[in-house]
1. Filtering segment 13-61 down to residues that are of a type in the set (A, V, I, L, M) and part of a loop (DSSP other than H, G, I, E, B), which residue is farthest from Ser134 (Cα to Cα)?
2. With respect to Asp245, determine if the residue is within 18 Å of Ala109 (Cβ to Cβ) and among the acidic types (Asp, Glu).
3. From the set of residues in segment 187-236 that are of a type in the set (S, T, N, Q) and under 16 Å from Val261 (Cα atoms), which is nearest to the chain's Cα centre (by Cα)?
4. Give segment 252-280 a look and list any residue that's among the small types (Gly, Ala, Ser) and part of a loop (DSSP other than H, G, I, E, B), or say none.
5. How about segment 100-116: which of its residues are in contact with an Asp or Glu (Cβ under 7 Å, 6 or more places away or on another chain) and of a type in the set (A, V, I, L, M, F, W, C)?
6. Here are some conditions: (1) outside any loop (DSSP other than H, G, I, E, B); (2) touching a residue at least 40 places away in the same chain (Cβ under 8 Å); (3) assigned by TED's automatic domain parsing to the domain that holds Arg179. Gly236 meets all but one. Which one does it not meet?
7. Could you tell me which of the residues Val210, Val261, Val247 is within 16 Å of Ala173 (Cβ to Cβ), out of contact with any Ser or Thr (no Cβ under 6 Å at 6 or more places or on another chain) and surrounded by fewer than 21 Cβ atoms within 10 Å (Cβ to Cβ)?
Amino acid sequence: MIANMHSLDWNDLRFFLAVAEQGSLSAASKILNVNHSTVFRRINQLEKSIGVRLFERLADGYQLTQAGEDMAQHVARMRNEVDALTLQVAGKDFQPAGIVRITAPSSLAYYYISYYLKFFCKKYPGISVELNVSNENLDISRRETDIAVRSTATPPQHLIGKKIFSLSWAFYASEEYLRGRGTPSSMLELSGHDLIGPDGRVSHLKAFEVLNKNLGPDYRIRGNDLMVIASLAIAGNGIALLPDDQVYTKMKRLFTMEPLVTSDIWILTHQELRATERVRLLMNFIVDSFRNEKKLRELAIQS
């Protein structure tokens, strides 16, 4: 095995570590952004090259063997050292050039950031931007992203940044729906209306938990993403509770949710990247652009 270790491919080790941490080929393929068969092939290739079985193939996933556990510890340390070195080197980059990766929730990415990037890229032609639309917590330490725009009340301590603003939540509906069903002006008047509710992970957002506790509504239709819920409301399916980043959509804002629930919007990066010119420029550009949005400024609770 030791002799064979000299010919190891780091990419094979990345695939190995992803399966070790995720516990299945399908979960690892999503993290690596490749298909299931590619992960399967790379794991088999790695085991064959070193002559050691690293995983037990079980009905519910892949489980590390003892040799696999030992190897995973070493590979994880290697990855962490490479990530730390990459961050340290990137943090000394003072040129407004190169690639910046940014992740943001779907609504902020679609309605706002995609529009801002047109002007940013025109102003800084040497900088290329990769926008990842995601509500997942991508790992800045591993350079899965350089900048994260996130709704959070408690940003991770190892990240730095600033709160852009706080958004309240309100009820929205299409003009088509309101013409046929009337326009409620308070929580009490929601009775008898078709409500669009959350499903899956978004059900655990504080606003929906408070709504369920105080109103206990029966939802006519549900969506598992805020953009899906907004789209259902735009299509006339009913009234939806949404954060006030929806002010530019084809819906009418009815009234603010009571009791008041807010979402803090932060822009974050790793402390090692704060001196990187392209990261600093994009962060400042996005903050300024958000704060210049007239409708958002009127509705937002400024930091």
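The values are calculated or read from the model by the stated rules, or taken from the named source; none is laboratory data. These figures come from a predicted structure and were not determined experimentally. Reconstructed Cβ throughout: ideal geometry from the backbone, glycine too, with neighbour counts over all protein chains shown.
1. Val52
2. Yes, satisfied.
3. Result: Ser203.
4. Within segment 252-280, Ala275 is the sole residue that qualifies.
5. If the condition is that a residue be in contact with an Asp or Glu (Cβ under 7 Å, 6 or more places away or on another chain) and of a type in the set (A, V, I, L, M, F, W, C), then Val100, Ile102, Leu108 are the ones that fit.
6. So the condition that Gly236 fails would be (1).
7. Just one listed residue meets the conditions, Val247.
Rundown of residues vs (1) at pLDDT below 95; (2) of a type in the set (A, V, I, L, M, F, W, C), yes/no style:
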{"position": "Arg201", "(1), (2)": "yes, no"}
{"position": "Leu205", "(1), (2)": "yes, yes"}
{"position": "Pro217", "(1), (2)": "yes, no"}
{"position": "Pro243", "(1), (2)": "yes, no"}
{"position": "Gln246", "(1), (2)": "yes, no"}
{"position": "Met257", "(1), (2)": "yes, yes"}
{"position": "Val261", "(1), (2)": "yes, yes"}
{"position": "His270", "(1), (2)": "yes, no"}
{"position": "Ile286", "(1), (2)": "no, yes"}
